[in-house]
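My structure is below; once you've seen it, I'll send some questions.
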Amino acid sequence: MNLSASCTDNLRLLQHEAGGTADLIVSRVTVCGIRCALLTCEGMCSAALLGEQIAKPLSQLKIPCESGAALIRFLREYRLTAADTAEAADTNTALHLIFSGFALLLCDGTDTALAFGIQGYASRGITEPSGELNIYGAKEGFTEPLRTNLSLIRRRMKSPELTFEILTAGTASQTDICICQMRGRAPQDMVRQIRERLAALPLESVLSSGYIRPFLEQSDTQLIHSVGTTERPDVFCAKLLEGRVGILIDGTPFALVVPQLFCETFQTLDDYNYPPLYATVLRWLKYAAAVIALLLPAGYLAAALHHPALLHETLLRILTEAEQNVPFSPAAELLGVLFMFEAVREAGLRLPKAVGGAVGMIGGLLLGDAAVSAGLLSTPVLTAAALSATAGFVIPEHHAALAVLRPAFVLAAALAGLPAVALLGTALLLHICGLEAFGCPVTAPVAPVRTNKLHDILCRAGFRRLSQGNFRISDIRR
């Protein structure tokens, strides 16, 4: 609803639209003989800025003004009270500004309100990212306030090519979302599609990055994400330089990066701080860990049940003796151990830190010594599951996919052995190769092959080589 020229009517209208909320603070003042009202939201504004930049200058203002419109025009054109100012002509815009930390000035004789940005709400300080630890990288991570995250990016990227575009999502939450791009590097048709999808979000609230991520991906059922997340401003800036589009969400420290390639989930920032040969060894270690984490339990079960000829005679004897006194089948053992591993992990994550360590210790005793001593589990099954779980820690980005795929491969191995495992693996590869995000194949530059872009995939080339052919996301788009 549009504002009127009466300050009293506007106040009544805004208080009605706000439902009489207790955190809407109204201060009635007279400025230059004109009745005015200053509206703020308790806890969202800085009291020091309110007094120094708004209240004090208004109380000292001595100019002849015939109407509120003249006062608003003078403040807007000749008096700098706050660096961030905005105008509101309707109640929705006015309330959105107030609840975003602005101080709103209403004056008699004008149907326009002037807002001053004096945000000062409490927030968590900048700390080291909890999920993307690095040895040589910066120790700063994104935090919850959007403006703080924008400053972390701008400190690292002072180029005028870096642009921010702020949208609002969520009919109830009215959450600020920022689209970040490097002009001239990010494909503009991809930016346009992302902007359109964000503007059309059918959500009442946007409380975290997980609310938006599915609407930017190809399908809700895909196992590999084509939209990445990061807590690190340095990683975020590196992706922007490659022509990707970044999305920051007010209220969450996890930024989205569009698109994310499958090979990037095996890369870390420290890879580019180590010597190339050592970084290459680490990268292949992650590839091997991914194979072990996914296929070791299924491979063990297939060899034990359907293909004993693949095992050495001594190893086969050990497996046979270990399984003789166990009351469950090897498939049931493996599925039970994998289930208990996920249960212990989830309990350790959700419980308070003081209790989480105790849960891990109890789970280790339960799944380890106690279960084997009681004859409920065999040592080879427990070893295979433990090695698979440990290898999965090397690639935390794929934990959700591994939690779904491990039991599926175990069931396939129990039913038909290695042929079923190979068939399911082929289906998984086809699924991954069929994924794309805004025209970018997720498996690029491996499939389809871009031979001139493989120097940072199979190995990590030196910076002299990397600087000669800078990677751009436009190079792999269809």
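None of the figures in this text is laboratory data; all of them are computed from the coordinates on show. Every value quoted in this text rests on a predicted model; they were computed, and no experiment measured them. Every residue, glycine among them, receives a Cβ derived from its backbone with ideal geometry; neighbour counts consider all protein chains shown.
Any idea what angle helix 188-199 forms with the longest principal axis of the chain, computed on alpha-carbon atoms, 0 to 90 degrees, nearest 10?
Helix 188-199 sits roughly 80 degrees off the main axis of the chain.
Another one. Between Asp23 and Arg76, what FRET efficiency follows from the Cβ-Cβ distance if R0 is 30 Å, with the result rounded to 0.05?
On the way: r = 27 Å, r/R0 = 0.90.
Efficiency, rounded to the nearest 0.05: 0.65.
Place a point 7 Å from Cα of Ala374 in the direction of its Cβ. Which residues in region 308-338 have their backbone N less than 19 Å from it?
Only 323-338 pass the distance filter.
Quick one: Karplus J couplings for region 201-213, per residue in order, coefficients 6.51, -1.76, 1.60, θ = phi - 60°, nearest Hz, x for Gly and Pro?
Once rounded to whole Hz, the list reads 4, x, 10, 7, 9, 10, 9, 7, 5, x, 6, 8, 3.
Give me the one-decimal Kirkwood hydrodynamic radius in Å for region 7-117, with the sum taken over alpha-carbon pairs. Show your work: numbers first, answer last.
Details: mean 1/r = 0.0723 Å⁻¹.
It is 13.8 Å.
Also, I was wondering about something else. Taking R0 as 45 Å, what FRET efficiency do you get between Leu311 and Ser130 from their Cβ-Cβ distance, rounded to the nearest 0.05?
Efficiency, from the Cβ-Cβ distance: 0.60.
Given just the C-alpha atoms of region 146-260, how large is their convex hull per residue in cubic angstrom?
Values: hull volume 10.6 nm³, N = 115.
It comes to 92 Å³ per residue, whole-number rounded.
Can you work out ³J(HN,Hα) from phi for every residue in region 254-262, in order, using Karplus 6.51 cos²θ - 1.76 cosθ + 1.60 and θ = phi - 60°, giving whole Hz and x for Gly and Pro?
9, 8, 9, 10, 10, x, 10, 8, 4
Name the residue farthest towards the positive end of the dipole of the chain from the options Phe236, Pro380, Leu162, assuming +1 on Cβ of Lys and Arg, -1 on Cβ of Asp and Glu, about the Cα centre.
Leu162
Follow-up. Please give the direction-averaged projected area of the C-alpha convex hull for the chain, in square nanometres with one decimal. Mind dumping the intermediate values first?
Numbers: hull surface 113.7 nm².
Mean projected area of the Cα convex hull: 28.4 nm².
Obtain the nm distance between the two label points defined at Ser474 and Thr163 by a simple spin-label model: each point lies 7 Å from its Cα along the Cα-to-C-beta direction.
1.4 nm
What is the Cα radius of gyration of region 272-433 over 2.2 N^0.38 Å, N being its residue count? Don't skip to the end; give the middle numbers.
On the way: Rg = 17.1 Å, N = 162, 2.2 N^0.38 = 15.2 Å.
Region 272-433 yields a ratio of 1.13.
Oh, and also: Tell me, what HN-Hα J-couplings in whole Hz come from the Karplus equation 6.51 cos²θ - 1.76 cosθ + 1.60 at θ = phi - 60° for each residue of region 423-428, using x for Gly and Pro?
Along region 423-428, the couplings run 5, 5, x, 5, 4, 5 Hz.
How many nm separate the modelled label positions at Thr280 and Leu11, each set 7 Å beyond the Cα in the direction of the Cβ?
For the pair Thr280/Leu11, the computed spacing is 7.5 nm.
Using alpha-carbon positions, what is the distance between the centroids of region 29-71 and region 226-248, in Å?
Region 29-71 and region 226-248 have Cα centres spaced 41 Å from each other.
For the chain, what does -39500 (n - 2.57) per DSSP helix run (n ≥ 4), summed and divided by total residues, give at 222 nm, in deg cm²/dmol to the nearest 500? Let's see the in-between values first.
Details: 16 runs with 203 residues, N = 478.
Roughly -13500 deg cm²/dmol at 222 nm, from the helical runs in the chain.
Let me ask something else. Region 167-249: which GluC sites (Glu not before Pro) are DSSP loop and have at most 15 other beta-carbon atoms within 10 angstrom? Don't skip to the end; give the middle numbers.
On the way: sites: Glu196, Glu204, Glu217, Glu231, Glu242; in loops: Glu204, Glu217, Glu231, Glu242.
Within region 167-249, the qualifying GluC sites (Glu not before Pro) (loop, at most 15 other Cβ atoms within 10 Å) are Glu204.
Taking 7 Å along the Cα-to-C-beta vector as the label spot, tell me the Ser67-Glu87 distance in nanometres, rounded to one decimal.
The answer from the label model is 1.4 nm.
Using the Cα centre as the reference, give the magnitude of the dipole from point charges on the C-beta atoms of region 209-272 (Lys, Arg: +1; Asp, Glu: -1; all else neutral), rounded to the nearest 20 debye.
Working: 4 positive and 9 negative charges, 29 e Å.
For region 209-272, the charge dipole is close to 140 debye.
Would you mind classifying region 203-307 by shape? Square roots of the alpha carbon gyration tensor eigenvalues, ordered a ≥ b ≥ c; an a/c under 1.5 is rounded, otherwise it is prolate if a/b is larger than b/c and oblate if not.
Details: a/c = 2.97, a/b = 1.38, b/c = 2.16.
In terms of gyration-tensor shape, oblate.
Mind checking region 54-140 for trypsin sites (Lys or Arg not before Pro) that DSSP puts in a loop (not H, G, I, E or B) and that have at most 10 other Cβ atoms within 10 Å?
Numbers: sites: Lys62, Arg73, Arg76, Arg79, Arg124, Lys139; in loops: Lys62, Arg79, Arg124, Lys139.
Sites meeting the loop and neighbour criteria: Lys62, Arg124.
Sticking with this structure for a sec: Hey, got a sec? Which GluC sites (Glu not before Pro) in region 1-96 land in a DSSP loop and have at most 15 other Cβ atoms within 10 Å?
Details: sites: Glu17, Glu42, Glu52, Glu66, Glu77, Glu87; in loops: Glu42, Glu66.
Here the sparse-neighbourhood loop sites are Glu42, Glu66.
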